[in-house]
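The values are calculated or read from the model by the stated rules, or taken from the named source; none is laboratory data. Quantities reported herein were computed from a predicted structural model and do not represent experimental measurements. Cβ atoms come from the backbone with ideal geometry, glycine included; neighbour counts cover every protein chain shown.
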Amino acid sequence: MKNLSWFNKIVFILNVLLLLCTLIGYILPYLAPKLFPLLAVFTLILPALLVLNFICALYWAVQLKKQAVLSLTVFLIGYIFFPTFYKFSEKNLEKEENDFIVLSYNVRLFNLFKWIKNENVPENIKKFIEQQQPDVICFQEYSHSADYELSDYKFRHIITHGNKIKTGQAIFSKYLIINEGEIALPNSDNNVIYADIVKDKDTIRIYSLHLQSINISTKIQDGTIDEDKSKMIVERLSIGFKEQQLQSELILSHIDDFDGKKIVCGDMNNTAYSYTYRNIRGEMKDAFLEAGKGFGRTYNFNYYPARIDYILVDDVFEVKQFQTFTEFKNSDHFPIMARLKIKE
């Protein structure tokens, strides 16, 4: 510190603050959000913090300063022990007769309120499904507003709630559904549905989940954030993280009570660095981490590659391919799809 210029001293102080924020982000996925609900925001920006640590390490390294070791160490801890932010290679194994494909997609009510200036969104999604031909589809924010007669999917489990506008979730399957149900989430419009499908001699439970949104959007007026809305954001963050914790615990309990093969799909409204994701995933495999490529961005946000939709599978499944269709912009989410095989 003594040998640093005044400018480097300021950079170092900011660097230390960055290190502390990053370390907090590392710890929080292991702590219940109800203990520190506002601090949980660090799990949302942890990838950005990792990138900043890497930049700081480079900044000090080009000057041959020992401060580079701190940032590089913190960066490597995150890179090694946390879910990958960016996948450089993908897996695409040869197709076999016993492979089956699962697709998950938050369709945002099929554009019922014209958020997207395109009258053909429902038809576009239908054509996309017909082109990809998944064996099982999990729709979140499903609405009966779209006439969805997909003839290839004879078996369906659909649950919607609401008075004037009914919204919910749907599981469409080419395989026989022998059991179905719902996990009601307290004090929430969100829910979880599940269906037990029969593929050959195997029974597989498919979960489709849609968890509480943390509602961080706001309006900026005259170049400043409205103070009242800022307070609302803080309150919403606190409520959202607490609700997600409760919901994840209810879901995990239900998942653990089923002894058979399981696949969990859907929109968690949180990142892979969160308590929510870690809790629900447990010992399951993340299909993106197994076979995906790139950032895995599933939410159409311009400034940040947010991955908040997932396909999680038991270890009995081999993930042979994973795709994120970021070019298909017919919702505020992108479809994700995994080609799977049951291990012999």
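Summary of computed values
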read-out: Where a residue in segment 107-131 is within 25 Å of residue 164 (Cβ to Cβ) and its partner, wherever it lies, is among the charged types (D, E, K, R) and surrounded by fewer than 20 Cβ atoms within 10 Å (Cβ to Cβ), with Cβ under 7 Å and at least six apart; value: 108/332
read-out: Any pair with Cβ under 7 angstrom, 6 or more apart, that starts in segment 322-336 at a residue that is more than 11 Å from residue 297 (Cβ to Cβ) and ends at one that is of a type in the set (D, E, K, R); value: 322/290; 331/108; 332/108
read-out: Residue 295 being surrounded by 18 or more Cβ atoms within 10 Å (Cβ to Cβ) and at pLDDT 95 or above; value: no
read-out: Near pairs, Cβ below 9 angstrom, 6+ apart or cross-chain, from segment 179-191 (outside any loop (DSSP other than H, G, I, E, B)) to any residue that is among the polar types (S, T, N, Q); value: 179/203; 182/169; 182/191; 183/191; 183/247; 184/191; 191/169
read-out: Of all residues in segment 126-170 being aromatic (Phe, Trp, Tyr) and surrounded by 19 or more Cβ atoms within 10 Å (Cβ to Cβ), the one that is modelled with the lowest pLDDT; value: 148
